[in-house]
């Protein structure tokens, strides 16, 4: 990516994200990231299971809308 000239007092999105991440790490600790990652993974697993059940119900009878 091309370097962009910054105006005084402004930061890039990357810098803002890094600063915010460091603030959260300092306030909540690195364990916080492990917790939210685990919760996110559990939710993804639930959504996958719901999708599989929905597919099974849809393919068990009647006409199919697959393209």
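List pairs: first residue in region 36-60 and touching a residue at least 60 places away in the same chain (Cβ under 8 Å), second residue part of a helix (DSSP H, G or I) and surrounded by 10 or more Cβ atoms within 10 Å (Cβ to Cβ) anywhere in the structure, Cβ distance under 6 angstrom, at least six positions apart or on different chains. Listed by first residue and then by second, the contacts come to nothing, as the list is empty.
Residue-by-condition table, conditions (1) at pLDDT 95 or above; (2) assigned to a loop (DSSP other than H, G, I, E, B); (3) surrounded by 10 or more Cβ atoms within 10 Å (Cβ to Cβ):
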{"position": "1", "(1), (2), (3)": "no, yes, no"}
{"position": "7", "(1), (2), (3)": "no, yes, no"}
{"position": "33", "(1), (2), (3)": "no, no, yes"}
{"position": "50", "(1), (2), (3)": "yes, no, yes"}
{"position": "54", "(1), (2), (3)": "no, no, yes"}
{"position": "57", "(1), (2), (3)": "no, no, no"}
{"position": "63", "(1), (2), (3)": "no, yes, no"}
{"position": "66", "(1), (2), (3)": "no, yes, no"}
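The values are calculated or read from the model by the stated rules, or taken from the named source; none is laboratory data. This one's a predicted model, so the numbers in the text were calculated from it and none came from an experiment. No Cβ is skipped: glycine too gets one built from the backbone with ideal geometry, and neighbour counts run over all protein chains shown.
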